[in-house]
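Visitor: Right, I'll just put the structure down here and ask away after.
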Number of protein chains: 2
Amino acid sequence: MKACQMMEKDFVYVSKDDTIVDVSIKMEETKRFTLPILDESMKLEGWATSLDITKGLREGKKTMSEIMHTIDEIKVVHKDAPAKNVVTDTSEFKLINLPIIDDNEKVIGVVRPFDIIDTMSDLYDIKVYKIYEAMESQLKGITWDELMEASAKVSTRTTGVPITAEQYENNIRKSTFGDAIWATGGLESFFAGLISVGELVIAQKVGNARK
Amino acid sequence: MKACQMMEKDFVYVSKDDTIVDVSIKMEETKRFTLPILDESMKLEGWATSLDITKGLREGKKTMSEIMHTIDEIKVVHKDAPAKNVVTDTSEFKLINLPIIDDNEKVIGVVRPFDIIDTMSDLYDIKVYKIYEAMESQLKGITWDELMEASAKVSTRTTGVPITAEQYENNIRKSTFGDAIWATGGLESFFAGLISVGELVIAQKVGNARK
């Protein structure tokens, strides 16, 4: 995944000649706490936060050029950089907005922490039965019902609470990968459970083939 | 995981009688864009963002009580609520700070989007060999070397690029779950690959047992 796949293309920006008062109103109206300051060709000239604005208002400054941070102080990420760089920079520098630039150093979007959370949440929200479908299509000769039977057995053995194949199937249709990880106590435990199921059905399959 | 396991206990707050000017300076110094307003017993009385402050400064307001949002406008999460609620609220309402309250409605911490990103990143940063270790301990009678041999075979078959067991082991010691998901094209494909490896070693194991 690339940085540009996480960014918002529809972002708010201002010019260094805008007045602080006008920019403060724009920030309030658009609910933006930090803003890029761009030139006419969309190249980054500076950066300002609402905290620079409060200071500027108190001190009677007039235009953004008097209060803005200059480009050497601003983190930027190239559009084709790994999305992971965006996550690392946002987390390390507590960035509310991270500008994404193209080959000509034009700003083409920004990433907000919420964009990162949404992207990461998508992974957590994958339904567990999708993983079972991948398992079914991978394990040729094993039916969905055999997988559910084996899962119910492994679950009953592990938790001590009897569960039928039908109940198990209902559970995995409702629960997400995120639920499963919190419930089993981590990625490794979740995967260990899946492997137990795989072990059981594969042993049956190999056994049947040898009959 | 509970909401309180994600929160920062060391948070900044102010009183409704503080002046807007004092609070603006406090926000600038602590680099906080939004702040809870608490009474003497740490109960939530209101909320203010740096954008409420810019408006207040422009309009010549004096104290926080004149500009703060009242508690009916503020999202809060109970400390024992699922961490997932924190993620959902932060993402949906684009919250820079989400207050966590205890049974007595006292604010005991706040969650920032960065805390969520850090927690989620921990999952992505799990090394792939940790998942293999879970697989090894689950599959009694299968050795680590057999797992690496099977993985190298499956990888060579899938990618068309020959790889030795030793090279494969080096790869999984370096790469993370996050890397693997981006590389294989998704959670389901990643698991499908692991299941192929499981299938190969289990078939060998069952075969050996029958000899």
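Computed from the coordinates by the stated procedures, all read-outs in this text should not be read as laboratory data. Model, not experiment: these values are computed from the prediction. When we count neighbours, we look across all protein chains shown, and the Cβ atoms used for this are built from the backbone with ideal geometry, even at glycine.
Visitor: Summarise the partner chain shielding of A:108-119 as one whole number: the mean count of Cβ atoms from other chains within 10 Å of each residue's Cβ.
Guide: Averaged over the peptide's residues, the number is 4.
Visitor: How far is B:ARG157 from the same spot in each other copy, in nm, shortest first, if each label point sits 7 Å from Cα toward Cβ?
Guide: B:ARG157 label point versus its equivalents elsewhere: 2.5 nm.
Visitor: Once both axes come from the Cα atoms, what is the angle between helix B:165-174 and the longest principal axis of chain B, in degrees from 0 to 90, rounded to 10?
Guide: Compared with the principal axis, the helix lies near 10 degrees.
Visitor: Kindly express, to the nearest 10 degrees and within the range 0 to 90, the angle between helix B:83-93's C-alpha long axis and the longest C-alpha principal axis of chain B.
Guide: So the helix axis and the longest Cα principal axis differ by about 60 degrees.
Visitor: Ok, one more. Any idea how far the Cα center of the stretch A:1-70 sits from the one of the stretch B:28-76, in Å?
Guide: What the calculation gives is 22 Å, centre to centre.
Visitor: For the stretch B:125-210, with the dipole built from +1 on Lys and Arg beta-carbon atoms and -1 on Asp and Glu ones, taken about the Cα centre, which of B:THR158, B:ILE202, B:LEU187 lies farthest toward the positive end?
Guide: Of the options given, the answer is B:ILE202.
Visitor: I need the inter-copy label distances for A:LYS79: point set 7 Å along Cα to C-beta, values in nm with one decimal, smallest first.
Guide: 4.8
Visitor: Oh, and also: Output wanted: per-residue J couplings in Hz (rounded whole) for the stretch A:120-131, from phi through Karplus 6.51 cos²θ - 1.76 cosθ + 1.60, θ = phi - 60°, x for Gly and Pro.
Guide: Taking θ as phi minus 60°, the curve returns 5, 5, 4, 5, 5, 8, 5, 6, 4, 5, 5, 5 Hz for the stretch A:120-131.
Visitor: What's the magnitude of the charge dipole for the protein assembly as shown around its Cα centre, counting Lys and Arg as +1 and Asp and Glu as -1 at the beta-carbon? Answer in Debye, nearest 20.
Guide: Working: 54 positive and 70 negative charges, 290 e Å.
The calculation lands at about 1400 debye.
Visitor: Shifting gears a bit: Give me the angle, in degrees from 0 to 90, between the Cα long axis of helix A:187-210 and the longest principal axis of the Cα atoms of chain A, rounded to the nearest 10.
Guide: Approximately 30 degrees, to the nearest 10.
Visitor: Using a 10 Å cut-off on Cβ atoms, rank the peptides B:164-174, B:89-99, A:33-43 from the highest mean neighbour count down.
Guide: Values: B:164-174: 15.2, B:89-99: 18.8, A:33-43: 17.2.
Highest to lowest by the protection proxy: B:89-99, A:33-43, B:164-174.
Visitor: Near the amide H of A:ILE126, under 5 Å away, which other amide H atoms are found, from residues 5 or more places off or on another chain, if H is placed in the peptide plane?
Guide: HN-HN under 5 Å from A:ILE126: A:PHE177, A:GLY178.
Visitor: Still on this structure, I have one more. Per residue of chain B, what 222 nm ellipticity follows from adding -39500 (n - 2.57) for every DSSP H run with n ≥ 4, rounded to the nearest 500?
Guide: -16500 deg cm²/dmol
Visitor: Filter A:LYS62/B:LYS16; A:LYS2/A:LYS205; A:LYS2/A:LYS140 down to the pairs with a C-alpha to C-alpha distance above 32 Å, please. Intermediate results must be reported in sequence, preceding the final value.
Guide: Values: A:LYS62/B:LYS16 29 Å; A:LYS2/A:LYS205 41 Å; A:LYS2/A:LYS140 34 Å.
Correct reply: A:LYS2/A:LYS205; A:LYS2/A:LYS140.
Visitor: What lysines could a cross-link reach from A:LYS94, if we take a straight Cα to Cα line under 19 Å and drop same-chain neighbours fewer than 8 places away?
Guide: In chain and number order, the partners are A:LYS31, A:LYS75, A:LYS84, B:LYS9, B:LYS26, B:LYS31, B:LYS94.
Visitor: For peptide B:91-98, compute the average count of partner chain beta-carbon atoms within 10 Å of each residue's beta-carbon.
Guide: If you average over the peptide's residues, the count of other-chain Cβ atoms is 3.
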